[in-house]
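The numbers here are math on the coordinates, done by the rules we state, and not lab data. Nothing here was measured: the structure is a model prediction, and the numbers come from that model. Ideal geometry is used to build each Cβ from the backbone, glycine not excepted, and the neighbour counts take in all protein chains shown.
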């Protein structure tokens, strides 16, 4: 997180080492502390993150089986993820000490936490540096800011203030334009080149809002260590990735996952499996593919203990329980960084891991693959349009 003076946006360190932390409803991308949500019965749950059926109604392309499912390569590899927002997110407001006393210019003109600044005086905003450059140029002149709030465009007028400490002009906001973290690839479609990951969206850690995507990419990662999950203490994967070597480009950040097109195919050489429809998914034994150490993907046993009614797009379609002794010994169950781990059953790709129950890391939730595919190919069509 940074103030409007910002830092250089697109010059990250060559390697990033990190511990994946809590995020709602996705991975924590290099900022802030843990965030959890409360559920009924006193049970707390949080994401397993680092952070749409193949339904004919919204369509898709590629090879389909006789049942209407797609042939997909299940993955399970962890990847580094970097994402640049479409605009600049306001993650907090602050006061400014001036020669005349304390003032709050952003709050006074109506800017609020969670707003996405897209234009100042008609100039498109894509980075923190651009905001600072424009505000410095304007000085104390009135400016017009265009922003998005809850999906609606709003226009406000305001003035910056000159800080007594260094003489710079400031708005009095904390802003973020990019983030990076780790997650797990779910599937690859050989026909279209599309991949899906996480099974849930990437949300800003301070505002909990889905980050509007301008651009983004995935990179190879290596898991270096594991913090085992315990009751009340979620575990995490710890690793590193190379921010300067992209494997694929993102085109969508949605509630059902992140989606993109693969450019480097070193991780996609596995055998394809049919994707399951909701009616084909059953309670009982299943497996997940997970990369919990190094870069090796292994298959682990789980149980699907409950299938929830179809209540629209949700990341919690399945209740799952880890039963594999090797995974329980290594991680304690589901840990942060496993969001997107493919769920397999009866020779089909049925879904992906999305959440872990904080008070019982052996249990968590998953999303149906049909929901991920619906969103993946609908967003691809919209992106092309």
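Per residue, the average separation of C-alpha pairs within less than 8 Å and at least 6 apart gives region 95-171 a relative contact order of 36 percent.
Between the alpha-carbon centres of region 171-206 and region 274-317 there is a gap of 20 Å.
For the peptides 216-226, 152-162, 195-205, the ranking by mean Cβ contacts within 10 Å, running from highest to lowest, is 195-205, 216-226, 152-162. Dividing the mean sequence gap of close Cα pairs (under 8 Å, 6+ apart) by how many residues region 313-378 holds gives a relative contact order of 39 percent. Diffusion of region 95-171 by Stokes-Einstein, at 37 °C in a medium of 0.692 mPa s and with Rh set to the Kirkwood radius over alpha-carbon pairs, works out to 257 µm²/s. Between residue 279 and residue 142, the contour length at 0.36 nm per residue exceeds the alpha carbon distance by 43.4 nm.
With a cut-off of 19 Å, note down the residues of region 84-112 whose backbone N falls inside the zone around a label point 7 Å from the Cα of residue 214 toward its beta carbon. Residues 84-92, 112 fall inside that zone.
Could you work out how far apart the two model spin labels at residue 104 and residue 191 are, taking each label as a point 7 Å from the Cα in the direction of the beta carbon, and quote it in nm? Taking the two extended label points, one gets 5.5 nm. Above 12 Å, the calculated P(r) of region 220-270 contains 75 percent of its Cα-Cα pairs.
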